[in-house]
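Colleague: Mind looking over this structure? Questions follow.
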Amino acid sequence: MKYPQLVLGMIAIFVYVGVEVSIQSNLGALLKTPDFGKIDEAHISQYVSLYWGSLMIGRWVGAITVFKPKGHWKVMLNLIVPVIAFGVVLGANKISGNEIEGLIPYIVCVAVLIIGFFFAQEKPARTLILFSMLAIVAMLIGLLTTGRFSIFAFLSGGLFCSVMWPCIFSLSIAGLGKYTSQGAAFLIMMILGGAIIPPLQGSLADSRVGIHYSYVIPVICFAYLAFYGWRVRSVLKRQGIDYDSTVESELLIANEVLGE
């Protein structure tokens, strides 16, 4: 607990899991409001599917580095894999009997994700900051608009959340040495955020604020994640750790935990 990157990272994991669950948990209530088309229960599932599918899309792209592609192959995979993953999500909805025509414009959000990956350059701190900022922009667009445009903005939070876990995890345990396994255990405990933040947003939704503007909670959560990505760089730099280099052992641990 003497390592600031771990303590701040524990809060980041708490916030990350909380916001990831919260966006979807309160989505059903949001879609039933007049401003969002009073969508009935039978048609809400396609949006829930698209949200969790968004997490899958981002994680598929993040997994490309495991195969260590080079040059043009790497560029091609970063362009093709997310499109294939999006196609899988649409296919699953089609098989389930959902109409997919209205979901196709979401490809624009997937394109933003692809651009984000190119700018992030597989560097944990930069990735976390960039994707947190993109998520903040998406949540603000969702708050300031209504209808399908707003829905897609909120759903895109899943795209930007998709690769945050390994970034937070690897940065949090960087430099812990013999305390790495203990630090990892502390981080896993903070998954508790998924049980705290959604009902917190729900309580705000039940107040005069309303369900739509309760999505200010995700904005606050993503703001902290952006702060962590910025702050942890100076913390690690003082300890002589290159925060922009991908430490393979830490990322392997993070991906294994994510898989479990």
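The values are calculated or read from the model by the stated rules, or taken from the named source; none is laboratory data. Keep in mind the model is a prediction, meaning the values are calculated, not measured. Ideal geometry is used to build each Cβ from the backbone, glycine not excepted, and the neighbour counts take in all protein chains shown. Surface accessibility is based on the protein's heavy atoms, side chains included, excluding ligands, DNA and RNA. Shrake-Rupley method; radii C 1.70, N 1.55, O 1.52, S 1.80 Å.
Colleague: For region 220-254, what are the residues that are under 15 Å from ILE13 (Cβ atoms), open to solvent by 50 Å² or more (accessible area, probe 1.4 Å) and modelled with pLDDT under 90?
Modeller: ILE253, the sole residue that qualifies.
Colleague: Is it the case that LEU187 is at negative phi and modelled with pLDDT of 95 or more?
Modeller: Against the criterion (at negative phi and modelled with pLDDT of 95 or more), LEU187 qualifies.
Colleague: Restricting to region 34-50, what's the tally of residues that are touching a residue at least 24 places away in the same chain (Cβ under 8 Å) and either in contact with a Ser or Thr (Cβ under 7 Å, 6 or more places away or on another chain) or open to solvent by 30 Å² or more (accessible area, probe 1.4 Å) (or both)?
Modeller: From region 34-50, those touching a residue at least 24 places away in the same chain (Cβ under 8 Å) are 35-37, 43, 45-50; that's our starting set.
Add one more test, that the residue is either in contact with a Ser or Thr (Cβ under 7 Å, 6 or more places away or on another chain) or open to solvent by 30 Å² or more (accessible area, probe 1.4 Å) (or both), and what stays is 35-37, 43, 45, 48-49.
Qualifying residue count for the region: 7.
Colleague: Condition check: assigned to a helix (DSSP H, G or I), under 13 Å from the mean Cα position of the chain (by Cα) and among the β-branched types (Val, Ile, Thr). Does ILE44 satisfy that?
Modeller: Criteria not met by ILE44.
Colleague: Separate question: Considering GLY62, GLY53, GLY58, which residue is surrounded by 14 or more Cβ atoms within 10 Å (Cβ to Cβ), under 24 Å from CYS221 (Cα atoms) and in contact with a Cys (Cβ under 8 Å, 6 or more places away or on another chain)?
Modeller: The conditions single out GLY58.
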